[in-house]
Amino acid sequence: MTIDSTATPRTATDLLRVEDVSLSFGPVRALRDVSLTLRRGEITALVGDNGAGKSTLVRCVSGIHRPNSGVITFDDNVIHFHTPDDARNAGIETVHQNLALVEDLTVWQNLFLNREKVYGKRPFALLNRRAMKRDAAQMVSTLAVNVPAVTSRVRRLSGGQRQAVAICRAASFSSKLVIMDEPTAALGVQETAKVEQLIRRLRNDGHAVLLISHNFEQVLRLSDQVWVMRAGRCVGGRRTTETTGEEIVGLITGTIAA
Amino acid sequence: MTHVHTPAEGPPLDSADAISPQGGVLKESPLARLKDIGFWAEWASLVGLIVLIIVFQSADSTFLSTGNVEAMLTASAILIVLAVGQTFVITTGGIDLSVASVMTFAAVAFGLTYKHSSNLALACVIALLAGLAFGVANGLLVSQGKITDFIATLGTLSAASGAALIISNGKPTTVINSTLLKLSSGGIGVLGWSFIIAAVVAVIAHVVYFRTRFGTHVLATGGSAEAAAATGVRTGRVKLAVYTIAGLLAGLGAILLVSRVGAAEPAANTAYLLNSVAAVVLGGVSLVGGRGSIVGPVLGALLLTALTNGLTLLGVSQFYQPLSVGIVVILAALLSRFQK
Ligand SMILES: Nc1ncnc2c1ncn2[C@@H]1O[C@H](COP(=O)(O)OP(=O)(O)OP(=O)(O)O)[C@@H](O)[C@H]1O
Ligand SMILES: [Mg+2]
């Protein structure tokens with residue numbers, strides 16, 4: 001069967017299921033009964049106009065926000081993430097739209113933030129800085145065109161380099177799901193191509209990817225499934241092979257009903 | 001393994017951080033760095049200390065005499081201990097205004113415990129616990145109560161001073177104990193025991209700050225609490241921990257203080273509060289958080305102690321000391337604006 005409606009049929013291949021999730025910030029209803037599914041081994045795109053609620057949904061899945069209502073199931077378990085650490089431990093890595101790097105720390109410190117390599121036993125464990133710098137250099141070299149030295153502070157990096165670092169971090173830890181909130185927004189042509197290559201590689205390695213992008217060509221090029229959000233609602237989903245750019249634009253603007 | 005280092009990018013791996021107190025990476029040649037005002041800002045406390053030593057030594061040759069150096073190092077111990085605690089707090093972007101008052105309270109608790117039990121070890125434990133308790137209170141108010149650090153610790157500043165007056169009935173307690181006396185009079189060479197204790201604290205703090213996960217999380221919390229939290233760093237716990245450390249070190253400071261004064265006095269030690277913040281500023285620690293070192297504030301504490309000592313030696317009135325400290329701190333703060 002194909003999924004071509006907002007209904008969320010339960011399939012063994014579903015990695016993530018979001019069911020009737022709502023979240024309000026005071027009077028702002030950022031998410032209203034959002035339901036969507038994300039299959040294992042696929043690239044799923046999430047599109048919608050500015051303020052549609054995409055990043056808010058991402059933050060619910062990655063443990064930053066807790067929905068007011070609704071159920072999120074990940075890997076067949078209903079999740080109740082209290083912190084982003086819970087989400088990361090469950091296997092969800094996220095590149096947030098605002099990047100979430102600490103500018104005063106170095107590239108390697110950011111890459112390994114809260115995943116530091118240590119030697120010795122807690123509570124006397126010391127950082128294994130050498131190993132982290134070495135591995136960080138390798139992580140970065142797989143992605144960035146213009147490789148920043150891993151010992152430089154993030155503050156000194158260009159916007160694109162920062163983005164590359166954030167993407168590296170999300171892609172590097174063995175995760176089941178990598179969420180990327182507008183990963184190529186600040187990138188040049190070459191870097192964008194590299195990131196797209198990386199996203200495909202993540203899929204080929206068996207990771208699921210949730211991609212948020214305003215670039216329809218990119219979405220059509222990369223994704224297997226597209227979900228569309230409008231004003232806090234998920235208004236529809238299509239298999240990418242069965243849809244067109246026009247149809248998606250219609251769903252986003254509301255001229256086409258789901 | 002691919003290394004991205006090129007020779008132009010300076011020394012690879014660990015060697016770089018040994019050079020900068022901030023654990024940063026040097027990229028320019030040493031000469032080029034001398035022309036860079038940011039370099040001077042980062043090293044303000046060391047440069048200031050050297051300048052002061054030269055000035056005071058040329059004005060009075062007894063300044064660098066063994067006796068005076070020993071006296072200065074011993075006198076600096078309390079400030080070093082407090083400044084180390086303050087550094088952890090300020091690195092997270094907070095501030096602990098209560099350190100000196102908590103030290104006073106812990107000192108009084110120490111004095112009373114000793115008076116009633118004559119048990120030095122117990123008195124030390126009580127002093128540390130008293131500091132710890134106020135530190136935890138600060139930490140909970142800031143991290144759980146979401147009260148601005150400034151207001152929360154202003155509250156505990158007053159509460160601790162008040163509590164010290166209440167339990168002591170406003171009277172000092174004389175503490176006579178030979179072991180305690182040795183702490184401030186004995187030592188190894190010019191290094192008094194209290195200075196050695198402070199130095200050990202500083203070394204441990206340096207390792208924790210730069211070589212542990214906790215230290216990294218402290219820096220990350222101050223650099224960007226949001227970004228740190230997004231990677232799963234429990235920023236609330238980090239904040240609780242740094243205020244607890246500051247409180248515990250205030251308790252240690254209390255032991256050194258009683259040893260130095262020979263009595264536990266409920267008097268406010270406001271100079272210690274100002275100087276602990278001043279040492280941190282002089283040490284090049286960013287007041288908005290996220291960047292700092294332990295070496296810097298320790299040098300800052302030595303500088304402030306040398307300043308006070310030198311002025312006294314030159315016969316300058318005590319009244320000028322707060323003024324001179326104020327000027328030095330404001331200069332350091334101005335300089336720190338040029339920090340990268
Ligand atoms: N922390 C917050 N507090 C209050 N309102 C918020 C918060 N975060 C998001 N919102 C509101 O929720 C709505 C959805 O925002 P969200 O960031 O999810 O949009 P988006 O789809 O990611 O948009 P964009 O394409 O611009 O990134 C907006 O109206 C926004 O103002
Ligand atoms: Mg967004």
Hydrophobic long helices for chain A, i.e. whole DSSP H runs reaching 15 angstrom or more by Cα along the axis with Kyte-Doolittle mean at least -1.0, come out as A:129-141, A:159-172, A:189-204
Contact order normalised by length for segment A:90-175, with contacts defined as Cα pairs under 8 Å and 6 or more residues apart; what percent is it? 42
Report the residue, chosen from A:Ile92, A:Ile79, A:Ile167, that carries the largest GNM mean-square fluctuation when chain A is represented by alpha-carbon nodes joined by springs under 10 Å. A:Ile79
If I build a Gaussian network model for chain A, linking alpha-carbon pairs within less than 10 angstrom, which residue out of A:Met180, A:Met132, A:Met229 has the largest mean-square fluctuation? A:Met132
Approximate spin-label separation A:Asp205-B:Ser58, in nm, with each point projected 7 Å along Cα-to-Cβ: 6.2
Taking the Cα centre of chain A as origin, work out the dipole magnitude from +1 charges on Lys and Arg Cβ and -1 charges on Asp and Glu Cβ, in debye rounded to 20. 1080
Would you please put B:152-162, B:197-207 in order of how densely packed they are, using the mean number of other Cβ atoms within 10 angstrom per residue and starting with the highest? B:152-162, B:197-207
So what's the Cα pair-distance distribution over the protein assembly as shown, bin width 20 Å, in %? 19, 43, 27, 10, 1
Quick P(r) readout (segment A:129-179; Cα-Cα; 10 Å bins; whole %) gives 26, 55, 19, 0
Which of B:Asn169, B:Asn309, B:Asn138 moves most in a GNM of chain B, Cα contacts under 10 Å? B:Asn169
Using the Kirkwood radius over Cα pairs of chain B, the Stokes-Einstein translational diffusion coefficient at 20 °C and 1.002 mPa s, in µm²/s and rounded to a whole number, is 104
With θ set to phi - 60°, apply the Karplus curve 6.51 cos²θ - 1.76 cosθ + 1.60 along segment A:210-224 and write out the HN-Hα couplings as whole Hz, x wherever there is a Gly or Pro. 10, 10, 10, 7, 9, 9, 5, 4, 4, 4, 5, 5, 9, 8, 9
In whole percent, the Cα-Cα distances of chain A spread across 5 Å bins from 0 upward as 1, 6, 13, 17, 19, 16, 12, 8, 5, 2, 1, 0, 0
Dipole magnitude (debye, nearest 20) for chain B, charges at Cβ of Lys, Arg, Asp, Glu: 500
Residues meeting the amide H criterion for B:Gly93 (H placed from the backbone, H to H distance under 5 Å, 5 or more places apart or on another chain) are B:Gly289, B:Gly290
In whole Hz, the Karplus estimates of ³J(HN,Hα) for segment B:191-205 (6.51, -1.76, 1.60; θ = phi - 60°; x where Gly or Pro) are 8, x, 4, 5, 5, 4, 4, 4, 5, 4, 4, 5, 5, 4, 4
As a test of the formula, what do you get for the protein assembly as shown when each DSSP H run with n ≥ 4 contributes -39,500 (n - 2.57) and the sum is divided by the residue count, at 222 nm and rounded to the nearest 500 deg cm²/dmol? -17000 deg cm²/dmol
Within segment A:78-117, the residues whose backbone N lies under 11 Å from a label point placed 7 Å from the Cα of B:Gln144 along the Cα-to-Cβ direction are none
Hey, what do the phi angles of segment B:181-188 turn into as Karplus ³J(HN,Hα) couplings, whole Hz, using 6.51/-1.76/1.60 and θ = phi - 60°, x for Gly and Pro? 5, 4, 3, 9, 10, x, x, 10
Longest segment of chain B with no chymotrypsin sites (Phe, Trp or Tyr not before Pro) in a DSSP loop having at most 16 other Cβ atoms within 10 Å? B:1-318
Once amide H atoms are placed 1.01 Å from N in the peptide plane, what residues at a sequence separation of 5 or more from A:Arg233, or on another chain, have their amide H within under 5 Å of its amide H? A:Arg32
Where the centroid of each part is defined by its Cα atoms, how far is segment B:258-318 from segment B:133-177 in Å? 20
Roughly how big is segment B:201-323's charge dipole about its Cα centre, with Cβ charges of +1 (Lys, Arg) and -1 (Asp, Glu), in debye to the nearest 20? 380
Do you know the Lys pair count in chain B for C-alpha distances under 17 Å, with sequence separation 8 or more or different chains? 5
Please list, or write none, the aspartates and glutamates whose alpha carbon is within less than 19 Å of the alpha carbon of A:Lys133, excluding same-chain residues fewer than 8 places away. A:Glu103, A:Asp104, A:Glu116, B:Glu9, B:Asp14, B:Asp17
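The numbers here are math on the coordinates, done by the rules we state, and not lab data. What you see is a predicted model, and the numbers here were worked out from it, not measured in a lab. Using ideal geometry, Cβ is built from the backbone for each residue, glycine included, and neighbour counts are taken over all protein chains shown.
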